[in-house]
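Throughout, read-outs are computed from the coordinates displayed, never taken from laboratory work. This is a predicted model, so every value here is computed, not measured. Counting neighbours? That spans all protein chains shown, and the Cβs are built from the backbone with ideal geometry, glycine included.
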Amino acid sequence: MYRTTIMIIALLTSSVVVNGDSEIKLPQANEAIAKHDKQVAAAEAAYKQALIKAKTDCVRDLKVALNLTTRKGDLDDANRINAEIGRLQAAIDNLMSKLRKTTYQIPATTMWNKTVRLTKGQAIRVQATGEWSPNGRKNMKGVDSWPPRGRIGEGKEFPIGADRTFIAETDGVLEIGIDDGNNPNVYNDNLGSITVTITFLPLSQDAPVQVEKN
Ligand SMILES: [Ca+2]
């Protein structure tokens, strides 16, 4: 009897200790964990949002200060302010680099190419690189010359260009494609593809942070 009790205790203890391998089965417990994970993710997103906003606001204000001090001719102070802007910008870039990102290849031969699904109010940054052509090999050029365009949920199209930050005004899949215009608005004479990186910004509708390229 004594030995059996010891064995049962040992079994119970080991099942707790080796819990790393086993999954919790009770739905209520899994729901509690899922709720926690969701709340933590939201808190982290809000924190990152607040950091990015504070730093972006500061960069904006320091650029005004930089103009003032440059006009006054205090170059030493201008250099100090400029260095601080550089530090803040690096911190913003670092925060941005940790955000959720997805990459797509967008061929020139398809008018619309499906990418991420967006919900209304989601802020995203779309960056495009590569060369493509709306009409044959001689016109292979970068996205500055042949900017991509987008639409959400098959809605109204809008320009994207090389680097654009915007807030989704509606739910739907973001589709991206080359603007074929008068070239001659057919897609089977097109060539190349571009790489598009979409970053989900932790921003709400009332806190847009503009990170468009100057
Ligand atoms: Ca074409």
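Applying a threshold of 21 Å to the alpha-carbon distances of 55/98; 63/98; 48/101; 53/98; 35/101 flags 63/98; 35/101 as lying beyond it. Sparse packing (at most 12 other Cβ atoms within 10 Å of the Cβ) combined with a DSSP loop state is found for the following trypsin sites (Lys or Arg not before Pro) in region 18-78: 25. Shape class for region 101-201, computed from the alpha carbon gyration tensor (a ≥ b ≥ c): prolate, with a/c not under 1.5 and a/b above b/c. Amide H to amide H, with H built 1.01 Å from N, residue 122 comes under 5 Å of 168, counting only residues 5 or more places away or on other chains.
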